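Written out below as structure tokens is the structure these notes cover.
The values are calculated or read from the model by the stated rules, or taken from the named source; none is laboratory data. The model shown is predicted, which means the values in this text are computed figures rather than measured ones. Every residue, glycine as well, gets a Cβ built from its backbone with ideal geometry; the counts of neighbours run over all protein chains shown.
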Amino acid sequence: MQPLSKLPKLLLVNIGQLLTLQSASPVPRRGASLSELGLIEDAAVLCLGGKIVSVGKTKNALRDPWIKKHGKQIAEIDCRGRVVLPGFVDSHTHPVFTHPRLVDFEKRIPGASYEEIAKAGGGIRSSIDGVRKATKLALTEKLLTTLNAMATHGTTTVEAKSGYGLDFASELKSLEAIRAAARQWPGTVVPTFLGAHTVPPEFREKRQAYVDLICNEMMPAIAKRKLAQFADVFCDRGAFTAQESEQIFRAAHENGLVLRAHMGQLSETRLSPFLRFNPASLDHMDYVNEADLPALSASSTVATFVPGANYFLGLSRYPNARRFIEAGVAVALATDFNPGSSPTLSMPMAMSLACTHMKMSPAEAIAAATINAAHALRLADRKGSIEPGKDADLAVFGITDYRELPYWFGTNHCRLTILNGVVSHLPES
Ligand SMILES: [Zn+2]
């Protein structure tokens, strides 16, 4: 990482549509406010020392005496009428793995069962074997490649989970790889401990012993070494029961880790025992009990949808985003990047699926992928909007109307990404 004083002074001008996502209050967007993008036409943004300093109209920026005086030291980026928005905050990813799960993919198409896929050498077992055998350096290099690819799609902040090691040494190794990659990437990485991803094969007959291992050994060691900010648990059928998840939540709380959880992907779990712990986010939420929505909307917990998983698994059911939004729940979008169920790192793809399958508007999808996703990581004081004082995280797209972002699905229109003030140039097309 460069020292802040060495970061260039940047002035973006001639922005056709600048989506600032500025808020009057520091709370997640709910209901109608989810559609407010803070759009400025013919805009300019000045960034100094990795921070956003001023936001306004191009003509005012070019007349500004300070900018005129320091013109020679300022790198000017002519956005030529394009769309600029806050860098995406991908608040749910599983990027520490070694290889794609092609056996799963191919076998699932004609309808193979989980057992048949596992027998053919696929399934989560193959990801666990890969991570356990890999060196920390190999995991770090792979992760760095992924983070760079995410940046080329406009993502500047990434939550990264462990969860394919599932033994003490391999979970530690995964989190250390996240830390090492984060130090080499100009964007921001938020590490999450997901030892409670699934019960590893060697503990299948003694589940409680694995839950105890997570709570009593892994969690304190990880907290002590500050290797994770969050603890996550996959609470669902076939993963961890509500009772086991509560034990894990309690341990995380005692160890000072902020909570988040995979909830309601395959089956419904009542939320009240978990909301007591004030989790930052509950993710998936394909299945939820209607009676839980008032308590969820009254909390600061964000519901994060990951429609890439529904798409890739060929599901016809998607989370009922409209119901959540109408109930006043703060919603976010993420990729759920992982080798088994969502091998996409494209936030615009997740947004496109949110529009076409979850009936979110393009404006709602953008707010869910930026400012609300920042709230889902408890980083909204620094991330998710373009306003003075926040980190200089911006993405420039080769489009002239923000609605094109989810419209051109499957094509990457990101032309330039700025990560904490560091410019990542991308090939023109
Ligand atoms: Zn996940």
_Take the conditions within 16 Å of the ligand (Cβ to nearest atom) and without any contact (Cβ under 8 Å) to a residue 40 or more places away in the chain and apply them to Ala223. Does it pass?_
no
_With the requirement that a residue be in contact (Cβ under 8 Å) with a residue 24 or more places away in the chain, buried (at least 22 other Cβ atoms within 10 Å of the Cβ) and assigned to a loop (DSSP other than H, G, I, E, B), what does segment 112-152 give you?_
Ala134
*For segment 226-269, enumerate the residues that are assigned to a loop (DSSP other than H, G, I, E, B), over 21 Å from Ala160 (Cβ atoms) and away from the ligand (no atom under 16 Å from the Cβ).*
Thr241, Glu268
*Got a sec? Which of Ala24, Ala32, Ala75 is at pLDDT 95 or above and small (Gly, Ala, Ser)?*
Ala32
*Pro95 surrounded by fewer than 23 Cβ atoms within 10 Å (Cβ to Cβ) and either in a helix (DSSP H, G or I) or of a type outside the set (Asp, Glu) (or both)*: no
_For Asp283, only one of the following conditions fails: (1) surrounded by 20 or more Cβ atoms within 10 Å (Cβ to Cβ); (2) more than 16 Å from the ligand (Cβ to nearest atom); (3) of a type outside the set (A, V, I, L, M). What is its number?_
(2)
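This table checks each residue for (1) within 15 Å of the ligand (Cβ to nearest atom); (2) in contact (Cβ under 8 Å) with a residue 40 or more places away in the chain; (3) not aliphatic (A, V, I, L, M).
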position	(1), (2), (3)
Asn338	yes, yes, yes
Ser346	no, yes, yes
Ser352	no, yes, yes
Met358	no, yes, no
Ala368	no, yes, no
Ala374	no, yes, no
Gly384	no, yes, yes
Asp393	no, yes, yes
*What number of residues in segment 45-60 are crowded, with 20+ Cβ neighbours inside 10 Å and either basic (Lys, Arg) or not in a strand (DSSP E or B) (or both)?*
2
*Give the residues of segment 298-338 that are over 21 Å from the mean Cα position of the chain (by Cα) and among the hydroxyl-bearing types (Ser, Thr, Tyr), sorted by residue number.*
Ser316
